[in-house]
Amino acid sequence: MELLERYLQAVRAYLPKSQQEDILKELGENLRAQVEDKESELGRALNEDELAALLKKHGHPLFVATRYRQTRHLIGSTLFPVYWFVVKIILGFVGFGYAISALVLIAQGKSILEVLAAIFRFSGAVLPTFAWVTIIFAVLDIGNNKFRLLEKITRDSNEKFDPRTLPALRPASRSPEGKPIPRYKTAIELFFSIAFLLWWVRVNPIRRLALFMALGPAGLADKIPFQLGPVLETVYWPVILLTLVAVVQQVVTLIHPERLRFYRVMRVISNTGSVIVLYLLSRADGMLVLAPGSTDPDGFAQVLPIVNMALHYTMFFTAIMTAVECFKQIRLLFREGSHPKAAASPSV
Amino acid sequence: MVDLAKLLNSDLFENLRLELRRGSLIIAVLAQLREEHYGYALRKALAERGMEIEESTLYPLLRRLESQGLLDSEWREEDKRNKRFYRLSKEGAHILKQLLEEWHSMNSSLKRIV
């Protein structure tokens with residue numbers, strides 16, 4: 001029945017996400033009933049060729065999934081999966097371009113306002129792109145409805161379709177932990193990792209933005225009352241190293257989101273390192289110290305213990321959360337390592 | 001040229017046949033679901049009465065009719081398997097009655113014309 005699961009997996013790829021589970025559960029049951037019916041007729045189990053013939057008769061996965069899509073007025077259900085795929089790719093490229101340009105502006109030392117303006121320009125660029133892609137596909141759809149080209153191509157590919165050539169089952173498509181890491185999530189993590197790295201190596205606008213977020217308008221004052229304590233200087237290079245490990249992991253995961261083992265091993269390495277660094281920081285007497293030449297040293301000296309205490313508890317709880325995440329990844333590594341087949345459980 | 005004309009004619013016939021069949025299929029499905037069935041059993045029941053429907057047409061059609069309120073469905077265990085059973089809803093029964101009247105009327109008109 002592995003072929004049947006592979007077939008359902010292929011259908012899943014073309015179904016709207018919100019209905020995937022429900023449709024596949026029902027479709028799977030109907031196909032299994034059909035297989036059982038055929039088997040009781042023959043008095044034996046179906047061999048792979050017979051099962052492949054049954055699935056071929058049911059139709060190409062794209063053709064089957066298309067029937068489940070609701071009729072759309074601007075772009076028909078036949079072209080819609082292709083249209084949506086193209087929209088996601090283009091928006092991803094535009095978003096990536098803007099994230100890179102924002103990072104370049106940060107590295108050039110531009111002001112926070114200029115960086116934020118560059119990020120907000122993204123929404124302005126997205127709308128025309130989205131509109132153009134939609135118009136092109138609407139025109140293609142009109143042409144397709146008139147000449148029924150896609151229907152002829154689909155019919156042709158349906159005739160040539162061989163279920164035995166379907167891809168192997170992906171691991172644990174049922175549990176969210178076994179699914180490939182979503183690219184948008186990795187892209188966001190990568191953006192923040194690079195931004196953090198630039199902050200850590202003291203790229204001024206990022207540091208000022210972080211201080212503004214932590215201390216309010218006082219963080220933007222010319223004379224910042226606090227500076228990093230000696231303990232932060234101790235962990236300076238380990239933090240850079242750990243962030244670079246995270247960046248490497250995120251770049252590879254962005255290109256190969258299905259490489260879960262690599263993802264988990266790298267997460268365990270960076271999480272373990274982070275727990276050690278956070279533990280050292282939470283034990284330190286003061287992460288921040290008064291900066292020399294402060295305008296109101298007595299006033300800031302009274303605030304400093306409160307700020308350090310808040311940072312101490314923040315580091316402590318972050319260390320606990322990071323340790324929990326680390327154990328989770330180790331558990332998944334062991335589970336997938338000892339039961340590789342269990343990960344490839346049926347998708348419905 | 002002759003082959004192309006034949007091809008166009010067969011395509012045209014196929015399209016017209018599908019159009020003619022589409023409405024009839026809905027009546028057949030609604031009528032058969034006066035008795036409860038799950039997807040595959042319904043397909044077999046219709047086929048036994050001479051109405052063959054492809055699975056890729058029938059299963060999405062059932063979901064569409066349910067979303068239009070013409071069918072009710074529930075997941076239930078049968079033969080140690082969970083299956084989704086469909087049945088004609090009150091609204092569906094009302095619509096089916098109207099569709100059958102329309103079909104009878106069209107049929108008599110066509111007989112007089114043809």
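FYI, it's all coordinate maths here, none of it is from the lab. Everything quoted here is computed from the prediction, not taken from an experiment. Quick reminder, even Gly has a Cβ in these numbers, built from the backbone with ideal geometry, and neighbours come from all protein chains shown.
Pick out, from B:SER10, B:LEU96, B:ALA45, the residue whose Cα sits farthest towards the positive end of the charge dipole of chain B, with +1 on the Cβ of Lys and Arg and -1 on the Cβ of Asp and Glu. The Cα lying farthest towards the positive end belongs to B:LEU96. Summarising the label geometry, the points placed 7 Å from Cα in the beta-carbon direction at A:ALA323 and A:VAL86 lie 5.3 nm from one another. Residue exposure proxy: A:SER270, B:SER73, A:SER18, ordered by other Cβ atoms within 10 angstrom of their Cβ from fewest to most, comes out as A:SER18, B:SER73, A:SER270. Measuring between alpha carbons in the structure, the pairs from B:LYS44/B:LYS80; A:LYS17/B:LYS97; B:LYS44/B:LYS90; A:LYS185/B:LYS83; B:LYS44/B:LYS111 lying more than 32 angstrom apart are A:LYS17/B:LYS97; A:LYS185/B:LYS83.
Database remark: amide H of B:HIS37 closer than 5 angstrom to the amide H of B:TYR86 (H placed geometrically; neighbours at sequence offset of 5 or more, or on other chains; Pro and chain starts carry no H).
Averaged over the residues of peptide A:57-69, the number of Cβ atoms from other protein chains lying within 10 Å of each residue's Cβ is 3. In this calculation the C-beta distance from A:MET309 to A:THR234 is compared with R0 = 25 Å, giving a FRET efficiency of 0.80. Peptides B:33-42, B:90-99, A:39-48 ordered by packing proxy, namely the average of other Cβ atoms within 10 Å per residue, highest first: B:33-42, B:90-99, A:39-48. Expressed in units of 2.2 N^0.38 Å, where N is the residue count, the Cα radius of gyration of segment B:27-96 is 1.04. Annotation: amide H of B:LEU71 within the under-5 Å range of B:GLU66, B:SER89, sequence separation 5 or more or interchain, hydrogens built in the peptide plane.
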